[in-house]
Amino acid sequence: MAPDKVFQSLYGQAMTTAALTADEIERYARHIVLPEIGGAGQQRLKQARVLVIGAGGLGAPVLEYLAAAGVGTLGVVDDDTVSLSNLQRQVIHSTDTVGMLKTHSAKATIARINPNTMVEAHTIRLTPDNAAALVARYDVVVDGSDNFETRYTVADACASEGKPLVHAAVGRFDGSVTVLKPFEDDKDGKPNPSYRDLFPEAPPPGLVPSCAEAGVLGALTGVVGTLQAMEAIKLITGIGEPLVGRLLLYDALAARFDTIRYKRA
């Protein structure tokens with residue numbers, strides 16, 4: 001089919017199910033031709049509000065791919081500034097933005113990727129006092145934080161507010177991803193597990209070294225963060241099987257993926 005006829009076909013398909021502009025239809029054409037996404041799925045992406053915790057190694061690819069996918073509103077939570085040592089993995093930032101607030105740097109990059117995506121910058125540290133109110137404003141939450149205190153705070157807030165959470169963590173050469181929906185039941189009518197079912201208690205301080213202490217391979221955060229973005233897109237569009245009750249493990253050195261199932265305690 002000629003390119004102009006392909007465009008007209010896509011235009012007709014999308015406009016029957018979603019109010020997308022002609023520019024958006026062309027931009028997201030490769031999504032719209034997917035039967036699982038189509039115009040209706042793209043419109044759901046456009047209407048979605050996703051909160052991303054952290055604009056660092058994991059948050060960078062999450063924000064970039066969700067913006068490129070057409071998510072309408074991205075909330076970014078980070079109270080840090082860009083440092084030169086971030087640039088080995090935090091690809092949403094650049095040498096020119098060293099010293100800038102990460103929320104502002106990320107917002108500028110997202111605007112270049114997709115001007116249709118609105119960014120809400122939250123230059124704060126997430127705490128038990130502000131987490132629930134912030135989470136309640138969004139449809140899906142993606143956790144790219146790098147400490148257990150924030151992870152438990154985010155997970156507890158999402159559970160109480162009934163918001164799906166895409167969680168991930170990385171080590172030196174390995175990472176993990178899961179989706180948490182403890183406010184819903186599984187196909188057998190049993191409650192889905194929570195973050196505290198997976199990790200009942202945080203490890204003692206100092207037991208798990210930070211990436212500054214132990215190091216982390218930059219490309220690893222790209223792999224794991226991109227997996228998080230994929231899970232968020234699945235949740236928004238309703239396609240596939242999200243990683244609920246399953247922990248996906250990635251060993252970068254062995255180039256191997258494994259999956260562990262876990263249940264409500």
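The values are calculated or read from the model by the stated rules, or taken from the named source; none is laboratory data. No experiment lies behind these values; they were computed from the predicted model shown. Here Cβ is always computed from backbone atoms with ideal geometry, including for glycine, and neighbour counts include all displayed protein chains.
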Every residue in the range 210-243 that is more than 20 Å from GLY54 (Cα to Cα) and either exposed (fewer than 13 other Cβ atoms within 10 Å of the Cβ) or among the aromatic types (Phe, Trp, Tyr) (or both), please.
GLY238, GLY240, GLU241
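Do the conditions hold for VAL71, that is, is it part of a strand (DSSP E or B), closer than 25 Å to ARG112 by Cβ and modelled with pLDDT of 95 or more? It would help to see each step written out before you state the result.
On the way: part of a strand (DSSP E or B): no; closer than 25 Å to ARG112 by Cβ: yes; modelled with pLDDT of 95 or more: yes.
Considered against the rule, which asks whether it is part of a strand (DSSP E or B), closer than 25 Å to ARG112 by Cβ and modelled with pLDDT of 95 or more, VAL71 comes out as no.
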Conditions (1) surrounded by 16 or more Cβ atoms within 10 Å (Cβ to Cβ); (2) without any contact (Cβ under 8 Å) to a residue 24 or more places away in the chain; number of the one not met by LEU207
(1)
Starting from the range 26-54, keep only residues that are closer than 17 Å to LYS234 by Cβ and not assigned by TED's automatic domain parsing to the domain that holds ILE233, then list their pairs with residues that are hydroxyl-bearing (Ser, Thr, Tyr) and surrounded by fewer than 17 Cβ atoms within 10 Å (Cβ to Cβ) whose Cβ atoms are within a distance under 6 Å, requiring at least 6 positions of separation or different chains.
ALA40/THR17
Matching residues, the range 135-158, being farther than 22 Å from VAL223 by Cβ and either polar (S, T, N, Q) or crowded, with 20+ Cβ neighbours inside 10 Å (or both):
VAL135, TYR138, THR153, ALA155, ALA157, CYS158
